[in-house]
Amino acid sequence: MSGGGRRVGHRRAAGLLVALTAVSGLILSQEFGARADDETITALPIRTFMSARVGERVQGLVWRGGIEMQSQTDTFGGLSGLGFTAPDGRLVMVSDRGNFVSGQLLYDEAALPIGLIGVSIAPIQNSSGRDLPRPFARDAEALTVIERDGTPTAVRVGFENLTRVADFQLVDGVPQGAAREVAIPDWLSETRTNGTLEAVCIAPAASPIAGSTLLLTEGIIDDDGQHAAYLLGRNDRGRLSYISGDGTDPTDCAFLPNGDLLVLERGVAFLSFNMRLVRVPAAEVSPGAHLQGEVLLQSSGADIDNMEALAVHTAPDGSTRISLVSDNNFNDWERNLLLEFSLPE
């Protein structure tokens, strides 16, 4: 869902301008360039977060660096879901204009993210193999990676407005082909607003609900005043709910390797975005549960933006990274940020 307010204040320079190119892969005066399918992404390194430097503790996490992604291409933006499809940093994002954005996140020798290369943008297809016909059907808000025997084989995408869930096969780490519709409850598919399905994530092998898909809504509120949710699974199926913070709503979810659930929340206050990242113990995620975890990170103002996407993956240094991406809503006063954190050892 689009952010509800306009952030004010001066945009801080994030550091030295870095461009990345997929053709040469050469470093020239600390400048890189990236081009694939005529898409060029420029990255501004972000080296501090809430006054912390890379490697320093920020509340319940450790700051690992980030980038601001910029492009002259008018199809790049609106990034609302994120998943990593290979151990070399290849990733896929979805846009709320109905596109898959694929590329590779590069790191320097210190395992700091420095840019996005090999970027391609392709329209998401419907079950007939055609491009999604109208904006009401294109609003992709969530993405999670499906693995078979530890290998990513497909992505599962959640949509709002025309609320639905669909799978897309991966070919060389890139989603391709027609949508394969996934059955979801009628109460969810029949609610057609831009505040329905905002988060989709699949529990890992270590979870008590391994293989089950969690569907988490932003604006469907149950009788207890909580965010309606649902578990799709063979043995773990049914309704549950999520209790968000005051003034924030869930916008994405991801599981840690041990089965703990992470939920990203986003809100608007005083013309500025705010966010929370919450951790729910694995044992508490089950049908009928009222999920409410501990806050790992809470921030507002210039260090963040309209934070909408969350993924957990392994970085080149072997550490488990928590990646957050923001949705610029295709305007000039919001940014496409990618911020990375890890858990303290």
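The values are calculated or read from the model by the stated rules, or taken from the named source; none is laboratory data. All values derive from a computational prediction rather than experimental measurement. Here the Cβ positions follow ideal geometry from the backbone for every residue, glycine too, while neighbour counts run over all protein chains shown. For accessibility, only protein heavy atoms count, side chains too; no ligands or nucleic acids. Shrake-Rupley method; radii C 1.70, N 1.55, O 1.52, S 1.80 Å.
Structure notes:
- Search result, residues across the stretch 95-152 that are over 20 Å from the mean Cα position of the chain (by Cα) and among the acidic types (Asp, Glu): Asp108, Glu109, Asp131, Asp149
- Scanning the stretch 287-301 for residues that are buried (at least 16 other Cβ atoms within 10 Å of the Cβ) and not in a strand (DSSP E or B) returns Pro287, Ala289, Gly293.
- Qualifying residue in the stretch 123-136 (condition: in a loop (DSSP other than H, G, I, E, B), more than 29 Å from Arg47 (Cβ to Cβ) and of a type in the set (A, V, I, L, M, F, W, C)): yes
- Residues of the stretch 250-285 that turn out to be basic (Lys, Arg) and over 19 Å from Ala203 (Cα atoms), as a count: 2
- Tabulated pairs, the stretch 242-264, first open to solvent by 10 Å² or more (accessible area, probe 1.4 Å), second modelled with pLDDT under 95, C-beta under 6 angstrom, 6+ apart or interchain: Gly247/Ala269
- Residue in the stretch 272-282 that is at pLDDT below 95 and under 24 Å from Ser51 (Cβ atoms) present: yes
- Consider the stretch 107-122 and keep the residues that are outside any loop (DSSP other than H, G, I, E, B) and touching a Pro at 6+ places or on another chain (Cβ under 7 Å). The one that is least open to solvent (accessible area, probe 1.4 Å) is Ile114.
- Residue within the stretch 65-73 that is in contact with a helix residue (DSSP H, G or I) (Cβ under 9 Å, 6 or more places away or on another chain) and outside any strand (DSSP E or B) present: no
- Members of the stretch 214-227 that are crowded, with 22+ Cβ neighbours inside 10 Å and in contact (Cβ under 8 Å) with a residue 40 or more places away in the chain: Leu214, Leu215, Leu216, Glu218
- When we screen Asp260, Asp252, Asp246 for residues that are under 22 Å from Val165 (Cβ atoms) and not small (Gly, Ala, Ser), the only hit is Asp252.
- Single condition Arg279 does not satisfy, out of (1) loosely packed, with under 15 Cβ neighbours inside 10 Å; (2) within 21 Å of Gln226 (Cβ to Cβ): (1)
- Meets criteria (open to solvent by 50 Å² or more (accessible area, probe 1.4 Å) and in contact with a Gly (Cβ under 7 Å, 6 or more places away or on another chain)) for Pro316: no
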